[in-house]
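Data first, discussion second: the structure below is written as structure tokens.
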Amino acid sequence: MDSKILKFGTKAVHAGQHPDHDTGALVSPMFLTSTYVFTPEKMERYLAGDKRGIFTYGRSRNPTQNSFQEKIAALEGAESALATGSGMAAISLAIMSFVHSGDHIISCNTVYGGTYALFTKIFKDFKIEVTFVNELNEEELAKAMRPNTKMIYIESILNPTMEVPNIPEAVAFAKKHKLMTMVDNTFTTPYLFRPLEIGVDAVVHSTTKYINGHGDHIGGVIVGNADFIENIRSGIYQELGPVPSPFACWLGLRGLKTLHLRMRQHCDNAMAFAEWLESNPSVEKTIYPGLQSHPQHKLAESMFRNGFGGMVSFTVKGGLREAQTVINNLKMAHYAVSLGDLDTLVEHPATMTHGKIAPEERLRMGIPDNMIRVSVGVEEVEDIIADFDNALKKI
Ligand SMILES: Cc1ncc(COP(=O)(O)O)c(C=O)c1O
């Protein structure tokens with residue numbers, strides 16, 4: 001059956017899965033090997049340049065990793081994918097394969113704290129400059145544009161402000177000026193948003209989050225056209241060596257089989273939770289793209305399908321102390337960084353994920369001390385609401 005015509009959930013289950021050749025095992029086995037044995041025929045083919053189906057060494061290829069990559073590529077509607085040891089490895093490799101010393105990047109206003117540190121510290125040492133723009137419209141992009149600009153970097157939903165950036169407008173600008181566009185699709189996953197379908201050139205993920213979904217894997221992936229991915233794999237990837245373990249790939253492969261089911265529950269729970277928060281007297285503001293009150297609700301509706309994701313941010317009435325009171329009084333939701341797990345996770349951006357950013361810069365990014373970010377899990381939503389109701393009453 002042509003896998004291109006299969007529906008998303010069917011691809012999530014079947015893509016990248018090949019029953020084992022020798023045993024018939026349905027679930028792809030995990031290949032724990034660092035090297036591979038050549039036969040004289042294989043070596044002859046290899047030397048003649050025909051490397052199809054030939055594995056040589058685990059730093060460049062592993063069959064379990066290949067299956068994981070194949071499944072993600074199918075779900076993103078991409079030609080190819082490359083798994084890495086973490087989301088940060090995917091982001092840094094994907095950018096550094098294309099942007100070099102002396103080049104310039106335009107970035108959306110707010111990015112994950114690790115990406116912000118990469119842009120403002122590591123890239124500074126490599127003489128790569130980054131300009132953050134408040135909105136991805138023609139006017140702001142034109143103002144930020146320089147002769148050495150190479151790329152526009154965007155997160156699909158900004159973290160933790162939950163702003164929805166105008167990616168179609170950024171893509172139109174990039175096409176006009178021959179810039180590359182790259183989207184971190186971690187918050188939305190291909191179940192809600194497939195950036196390549198609207199003309200984005202490359203996608204990166206922290207697979208640590210929804211892609212694996214069970215909180216027991218650290219990984220990343222770069223998704224794009226075959227030439228772009230092969231250029232990374234045979235170049236910077238091979239030499240820097242940020243490979244994921246076969247076990248991480250196997251877990252990711254298994255996690256992806258239920259991506260559509262998990263995302264439906266995350267979206268339903270987040271929507272109900274956000275609606276409830278919005279009517280709570282101790283809450284100053286609830287920020288969720290699914291709410292009518294969200295400033296980019298209409299844009300989110302036009303860009304995303306199947307829902308608005310599992311991430312909700314809100315500010316409590318008061319300041320740091322009140323936010324900490326709520327967090328400290330939660331009984332079920334865990335006080336922890338990361339997101340996209342089955343369990344509800346709560347973090348305080350100003351002191352955790354974005355704690356290393358100077359306070360005035362944090363405020364410019366829209367991250368006040370009274371903001372709480374919730375990764376809404378797949379528990380029964382009534383229990384999530386009861387937990388927050390009790391904690392908010394403690395203010
Ligand atoms: C949106 C986003 N991108 C990238 C990363 C980095 O991923 P990892 O922790 O897997 O390196 C994170 C981590 O929280 C994230 O939230």
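Every number here is computed from the coordinates shown, using simple stated rules; none is lab data. In this text the structure is predicted, and so the values were computed from the model without any measurement. A quick note on method: Cβ atoms are made from the backbone with ideal geometry, for glycine too, and the neighbour counts reach across all protein chains shown.
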Problem set entry | Relative exposure of Thr181, Thr207, Thr286, Thr33, judged by other C-beta atoms within 10 Å (fewest first) | Thr33, Thr286, Thr181, Thr207
Exercise. In straight Cα distance, which lysines are under 17 Å from Lys127, not counting same-chain residues fewer than 8 positions off?
Worked result: Lys150
Problem set entry | Over 21 Å (Cα to Cα) - which of Lys143/Lys178; Lys285/Lys393; Lys285/Lys331 fall in this group | Lys285/Lys331
Exercise. If you average 1/r over every pair of different alpha-carbon atoms in the chain and take one over that average, what Kirkwood value in Å do you get?
Worked result: 21.9 Å
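What fraction of the DSSP beta bridges in the chain is antiparallel, stated in percent and rounded to the nearest 5? Show your work: numbers first, answer last.
Numbers: 22 of 41 bridges.
Around 55 percent antiparallel, to the nearest 5.
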Exercise. For the stretch 207-328, what is the per residue volume of the convex hull drawn over the alpha-carbon atoms, in cubic angstrom?
Worked result: 169 Å³
Exercise. Which aspartates and glutamates does Lys356 reach when only Cα atoms under 19 Å apart count, and residues fewer than 8 places away in its own chain are ignored?
Worked result: Asp125, Glu347, Asp369
Exercise. So which lysines can Lys11 reach, going by Cα to Cα under 30 Å and dropping same-chain residues fewer than 8 places off?
Worked result: Lys51, Lys71, Lys209, Lys257, Lys298
Seminar exercise, completed: Under the Karplus relation with 6.51, -1.76 and 1.60 and θ = phi - 60°, whole-Hz ³J(HN,Hα) for the stretch 303-316, x at Gly and Pro, equal 8, 9, 10, 6, x, 10, x, x, 9, 10, 10, 8, 10, 8
Seminar exercise, completed: Counting sequence-distant residues (5 or more places) and residues on other chains, those with an amide H built under 5 Å from that of Phe132 are Ser107
Exercise. Ranking Thr23, Thr120, Thr56, Thr64 by Cβ neighbours within 10 Å, fewest first, what do you get?
Worked result: Thr23, Thr56, Thr120, Thr64
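Just need the Rg to Rh number for the stretch 103-176, please, alpha carbons only, Kirkwood Rh.
Working: Rg = 11.8 Å, Rh = 12.5 Å.
A ratio of 0.95.
Just to verify a number: FRET efficiency for His177 and Thr56, C-beta to C-beta distance, R0 = 35 Å, to 0.05?
Values: r = 40 Å, r/R0 = 1.15.
E between His177 and Thr56, to the nearest 0.05, is 0.30.
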Seminar exercise, completed: For the chain, longest principal axis from Cα atoms; helix 63-76 axis from its Cα atoms; angle between them, nearest 10 degrees, is 50 degrees
Exercise. Gain in length, Glu301 to Glu360, computed as 0.36 nm per residue apart minus the alpha-carbon separation, to one decimal in nm?
Worked result: 18.0 nm
Exercise. Based on the alpha-carbon gyration tensor of the stretch 259-392, what equivalent-ellipsoid semi-axes (square roots of 5 times the eigenvalues) come out, in whole Å, largest first?
Worked result: 22, 18, 14
Problem set entry | For the stretch 347-360, Karplus couplings with θ = phi - 60° (6.51, -1.76, 1.60), whole Hz, Gly/Pro x | 9, 10, x, 5, 10, 10, 4, 10, x, 8, 8, 4, x, 5
